[in-house]
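Chemist: This is the structure, below, for whatever I ask next.
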Amino acid sequence: MSSQLELKELVKEYKGFRAVDKINIQIQKGDILSLLGPSGCGKTTTLRMIAGLLTPTEGDVFLAGEKITEKPPYKRDIAMVFQNYALFPHMRVYGNVVYGLKNRGIKDKKILRKKAEEVLSIVQLEGVEDRFPRQLSGGQQQRVSLARAMVVEPKIMLFDEPLSNLDAKLRVQTRIEIRNLLKQLNITAIYVTHDQEEALTISDWIAVMNKGRIEQLASPTELYSMPKTKFVADFIGHANLLEGVVEKISEGHVEVMLHNGILVHCISPAKIHVGDKRFILVRPENINLFPVESTEENLFDAVVEERNFLGSVVRYKVRLASGIALECEIHPDYAFAEVRDAVKVQFNKEKMVLVG
Amino acid sequence: MKQKEKKWTYVNKWYIILPLAFLMVIYLIPLGRMLWLSICDKETGEYTAEYFMAFFKDGYYIGVLSRTLILSLWSVVFCIIMGYPVAYKVAHMKGWKRSIATTFLVLPLWVSITIRMFGWMAILPKSGVFSIILQALHIISEPQNFLGSNVGVIMGLIHCGLPYFAMIMISPIENVDPYVEEASYVFGAGFVKTFFKVTLPLTSPGIVSGALLVFALNTAAFMVPVMLGGGKVMVMTNMIYQQTMFIFDWNFAAALSVVLLFVSMFIVTLSSFLSNKMRIQE
C-alpha cells in the first residue's frame, strides 16, 4: 500500500545552514504524525515545505503517490490550521469556512451553506455563521479554523502548533477533541508541536526532531519506554540519565557499570559492544524509595534534597551516596520521606533502558 | 485618608493647550473671518448670500469647481494604481534595502514643489520627453504640447501626491498578518485571488485615508496648476488668488474658499462613511 504522504531526503538550506537535513517520513492514510522538537529544530520548516509555502532545497514531497514538490500551495489538496488561527478578519465565520470550498469551484449557495452548517456542528459551533472572528473567543476561533480546514476534505491536514495560544485547561480538552475528530473522519494529519505531552496524546506516530534531523520516529509508547538517543530520552517526559560502561551482554539484557561502581542490569534496543560508554534511562516513576532500615536487595543509600507535592504524585530529588542526583515520583500515600532524610533507593530493573 | 496620586509622568495639560492656542490664532480666527467675509456685503456690512448666488448661477465657476475636483480625482486614481505596488514591495522589504527604498520615496519631498514643477515644465512641452514617450507607446500619433493641459496638471498632481500615498500605505499593508495571506494560498487561492479577496479588503481603510489625503492636498494645490496649467487650466485655488490679488474682491474670494472647503469636507466625510460601511462584507 502506498503511503498518503511521503517525504524523501528533504533538505532546506539557508545560506549554508541546514534547517532541515535529509528527512524521510512515510505516513499511511488516517494516521496522525507529530513533528516534535525544540524551537529551531526544523519542524515548522518541514511543515511549510509540505504545505508548499517553502520550496525544498533538495528532496521530494509525495502526496497520495503524486509528486507535489514543485506545486504551489493553492494547487495542493491540503488544509492547514495555524498557530494564530489566521482567520480572515474581514469575513464572517461563514465566509471563512466556505473560502476553501469556493476556491475548489463549488458555487452553489445551498451546498455551501449546508456544508458550512455541517462542519460547524461537528466542531460544536452552531449558529455563529454570521459573526466575525474578533467576536469569538480564542477557543472558538480555533474551532472555526479547524472547521475551515476540515470542510475541504483535504488529502492531508497540517497543524502548526494550533493550541499554543489557548490556556492550559482548554489546550488539554481541545487536543483530545482534535484527535477524536481526525480519527472519526479518517483524516491524515501532520501535527507540529513543541509540547511533548500534546504529541503523546494526539498522535499515532511521533518524529522527534533535533537540529534538522529526525532523532527517532516511533509510536508514543515506544518513544517513551524505548528511546533510541539521549536527546529523545531527555526530551520526552522526565528522565534520569546515568552514565555507565557496558560490562557484559547477554540475550536482551546488558550489564552496565555506572561510573560510581554500581553494576546494574538493563534492556537495550540499540546495538552495543562491551566497553561502550552509554547512558541509562530511568524514568522517575520507576524509582522507589524505601526507609533507610530496609534490607531488600539492590538498594542504594541516598539523601532527599527536594520534595515537591504535585497533586497526584510527589516529585523527589535525591542524591546517591556516590553523588548522582536522581528525580523520582512517588504516590503521595508512600511519600514518607522529608527533605534531608536518609533513604534507600531502588531501581525498577525491568524499566531501565540503555540509550545512545 | 486618600493618598494623593503621585505625578511622575509629567503629561501636562499645557502640552495640549499651547498648540491648540497656536492653532486657534493662526487657523481658526482667520477661518472665522473668512466665513464672515463670505456672507457679508462689502458696502453695507449686512448679511447677504449674493456671493454664493453669483458662484452657483454662473456655469463658468461651477466648471472651475468641477475641473478642480476631477483633476484631483484622476491624480488620486493614478496615485492608488502606482503607489500601492510600491508600498506593497517596500512593506515586504527588510533592513537596509527598506531604508534605501523609503529614502528614495520621500526624496522628492526634500525639493520644493516649484523646483519639481520646473522639471515638469521641461518634460511636458511638444518637444518634451513626455510627448516622445507617449508617441513611442502609440498613445498619441503626433507630437503634442501637454503644458497648459489638464493632462499636464494631472501629471504634476500625481508627482506631488504619490510619495504621500505610498508612505501612508506601507503601514496598513505591513499590518496584514502574513499568516492570513498564507491561509488564503493554502485554501486554494492564487496570488491574484488572494490579493483581491484578502490583502486589498484588509488594506482598504488605508487606501481610503491615503486617497483622502492626496485628494485634499491636490484640491488645494496651487503651484501645480499655476506652473503647469500655464494660465489655461483654471482651478479653484487660482481663481481665489485671482480674485484677491487682481480683482480685489475679497468677499467673493472668501465665498469661493468656503465653497471649496465645504465641498472637500463633504467628499472626505462621505468617503470615510462609505468605506466604513463597505469594510463589513461577506
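Chemist: Need a quick list: strands (runs of 3 or more DSSP E) entirely within region A:207-288 having at least 1 residues that are in contact (Cβ under 8 Å) with a residue 60 or more places away in the chain and closer than 28 Å to A:A302 by Cα.
Modeler: Once the strands (runs of 3 or more DSSP E) in region A:207-288 are filtered for at least 1 residues that are in contact (Cβ under 8 Å) with a residue 60 or more places away in the chain and closer than 28 Å to A:A302 by Cα, what remains is A:240-250, A:253-258, A:263-267, A:277-282.
Chemist: Further question on the same structure: Which of the residues spanning region A:198-250 are modelled with pLDDT of 90 or more and β-branched (V, I, T)?
Modeler: Within region A:198-250, A:T201, A:I202, A:I206, A:V208, A:I214, A:T221, A:V232 qualify.
Chemist: Kindly establish whether A:L101 is away from every other protein chain (no Cβ under 11 Å), part of a helix (DSSP H, G or I), free of Cβ contacts under 8 Å to residues at least 60 places away in the same chain and among the aliphatic types (A, V, I, L, M). Spell out how you get there, then give the answer.
Modeler: Numbers: away from every other protein chain (no Cβ under 11 Å): no; part of a helix (DSSP H, G or I): yes; free of Cβ contacts under 8 Å to residues at least 60 places away in the same chain: yes; among the aliphatic types (A, V, I, L, M): yes.
Criteria not met by A:L101.
Chemist: Let me ask something else about it. Exactly one condition in (1) surrounded by 16 or more Cβ atoms within 10 Å (Cβ to Cβ); (2) aliphatic (A, V, I, L, M); (3) more than 14 Å from chain B (Cβ to nearest Cβ); (4) not in a loop (DSSP other than H, G, I, E, B) is not met by A:I176; state its number.
Modeler: Unmet for A:I176, out of (1) surrounded by 16 or more Cβ atoms within 10 Å (Cβ to Cβ); (2) aliphatic (A, V, I, L, M); (3) more than 14 Å from chain B (Cβ to nearest Cβ); (4) not in a loop (DSSP other than H, G, I, E, B): (1).
Chemist: Can you spot a residue in region A:316-332 that is under 31 Å from the mean Cα position of the chain (by Cα), more than 18 Å from A:L241 (Cα to Cα) and not β-branched (V, I, T)?
Modeler: Yes.
Chemist: Would you pick out the residues in region B:189-212 that are assigned to a helix (DSSP H, G or I), within 12 Å of another protein chain (Cβ to nearest Cβ), of a type outside the set (S, T, N, Q) and crowded, with 18+ Cβ neighbours inside 10 Å?
Modeler: B:K197, B:V198, B:P201, B:L202
Chemist: When region B:16-57 is examined, which residues are found to be outside any helix (DSSP H, G or I) and at pLDDT 90 or above?
Modeler: B:I39
Chemist: Out of the residues in region A:78-95 that are within 7 Å of chain B (Cβ to nearest Cβ) and in a strand (DSSP E or B), state the one that is farthest from A:Q124 (Cα to Cα).
Modeler: Among those that are within 7 Å of chain B (Cβ to nearest Cβ) and in a strand (DSSP E or B), it is A:I78.
Chemist: Next question. Residues to consider are A:I50, A:I106, A:I25, A:I32; find the one that is within 14 Å of chain B (Cβ to nearest Cβ), closer than 17 Å to A:I190 by Cα and surrounded by 14 or more Cβ atoms within 10 Å (Cβ to Cβ).
Modeler: Details: A:I106 fails: closer than 17 Å to A:I190 by Cα; A:I25 fails: within 14 Å of chain B (Cβ to nearest Cβ); A:I32 fails: within 14 Å of chain B (Cβ to nearest Cβ).
Selected residue: A:I50, the only one of A:I50, A:I106, A:I25, A:I32 that is within 14 Å of chain B (Cβ to nearest Cβ), closer than 17 Å to A:I190 by Cα and surrounded by 14 or more Cβ atoms within 10 Å (Cβ to Cβ).
Chemist: Does region A:55-76 include one or more residues that are within 14 Å of chain B (Cβ to nearest Cβ) and farther than 28 Å from A:R213 by Cβ?
Modeler: Checking region A:55-76: at least one residue is within 14 Å of chain B (Cβ to nearest Cβ) and farther than 28 Å from A:R213 by Cβ.
Chemist: Residue by residue through region B:149-177, note down the ones that are among the hydroxyl-bearing types (S, T, Y) and not in a helix (DSSP H, G or I).
Modeler: So the first thing to find is which residues in region B:149-177 are among the hydroxyl-bearing types (S, T, Y), and the list is B:149, B:164, B:171.
Across region B:149-177, the qualifying residue is only B:S149.
Chemist: Considering region A:11-25 alone, what residues qualify as being closer than 14 Å to A:C41 by Cβ and acidic (D, E)?
Modeler: Result: A:D21, single match.
Chemist: Looking only at region A:8-20, which residues are surrounded by fewer than 20 Cβ atoms within 10 Å (Cβ to Cβ) and charged (D, E, K, R)?
Modeler: Selection gives A:K8, A:E9, A:E13, A:K15, A:R18.
The values are calculated or read from the model by the stated rules, or taken from the named source; none is laboratory data. No experiment lies behind these values; they were computed from the predicted model shown. Here Cβ is always computed from backbone atoms with ideal geometry, including for glycine, and neighbour counts include all displayed protein chains.
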